Amino acid sequence: MNDPISRRDALATFAAGAAAVALTGRTSAQPPAPATPGGQPAASTLTLPPLPYDPGALEPNVDALTMTIHHDRHHKAYVDNANAALAGTALAGKSADDILAALATAELPDNKRNAIRNNVGGHANHSLFWSLMAPPGKGGGGAPAGPLADALKANFESFDAKEGFKDRFAAAGMQRFGSGWAWLLVMPDKSLKIRSTANQDSPLMGEKLAGCSGVPILCLDVWEHAYYLKHQNKRADYISAWWNVVNWPRVGELFAAATR
Ligand code: MN
């Protein structure tokens, strides 16, 4: 479904952005686009980062068709709609994370605030989500190590025993009615919390909009578009398979950055 040439172009264009995500786990604004033919510099816009692996690389846990549609259509639509909503507002040109942090208090018409909330939220959430998965055996699956493993044990008693971290995180995803996300958050006191948000709300939007706050270090998309082709209505099966592709080394890096 990907035209190889446009994919290569996308890789070249977005390499800087992908590097920024890889370093910080955060989506950042891209460098300003080249001047338009009319000579006016184009405003900096949000851009679709490439998947950091082939769409089939997470098979059989996450299927290639779901990954392709999820990234190339769903995520792209969030980016396109975000840029349309941001145009002409005070938030245009800022990084996705900065937009989400400013959203609750920015002076915006309500229809703009809602469109930005849904679409910049969707862009930021998916950008983080892709970066937190990896092919099994190549960073994906297994168990966390080091300080993150210690912190999960300290906060949730166990990583994978009954009613430990994995059970509680999966329950957050299962109990989110309709569409939304499950999150593992680092709080200001460096404790870990499991929360869920509706729709495309992000903890980076803060309590007022998202109902939770903190620094996300793991997220799980529980929208039906994330699993329906392979698992139909069986969200629990999707979550079980997803554990096999969680990029724990990357989660550990985000944990280290958030607790430094
Ligand atoms: Mn999604």
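Any read-out appearing in this document is the output of simple, stated calculations on the displayed coordinates, not a laboratory observation. Bear in mind that the values here come from a model prediction, so they are computed numbers and not experimental data. Cβ sites come from the backbone with ideal geometry, for glycine too, and all protein chains shown count toward neighbours.
For region 99-233, with only Lys/Arg (+1) and Asp/Glu (-1) charged at the beta-carbon, what is the dipole magnitude about the Cα centre, in debye rounded to 20? The partial results should precede the final answer.
Values: 14 positive and 12 negative charges, 25 e Å.
So the dipole magnitude of region 99-233 works out to roughly 120 debye.
Can you list residues from other chains, or at least 5 along the same chain, whose modelled amide H is less than 5 Å from the amide H of LEU218?
Result for LEU218 returns LEU184.
If you take the C-alpha gyration tensor of region 28-187, multiply each eigenvalue by 5 and take the square root, what semi-axes do you get, largest first, in whole Å? Don't skip to the answer; put the middle values down first.
Numbers: eigenvalues 226, 81, 45 Å².
Result for region 28-187: semi-axes of 34, 20, 15 Å.
What is the Cα convex hull volume of region 109-260 when expressed per residue in Å³?
Working: hull volume 17.2 nm³, N = 152.
For region 109-260, the hull spanned by Cα atoms encloses 113 Å³ per residue.
Need the list of lysines near LYS76 for cross-linking: C-alpha distance under 29 angstrom, and skip anything on the same chain fewer than eight residues off.
Those lysines meeting the cut-off are LYS94, LYS112, LYS138, LYS208, LYS230, LYS234.
Counting only DSSP beta bridges with both residues in region 125-203, what percent are antiparallel, rounded to the nearest 5?
Numbers: 7 of 8 bridges.
The antiparallel proportion sits near 90 percent.
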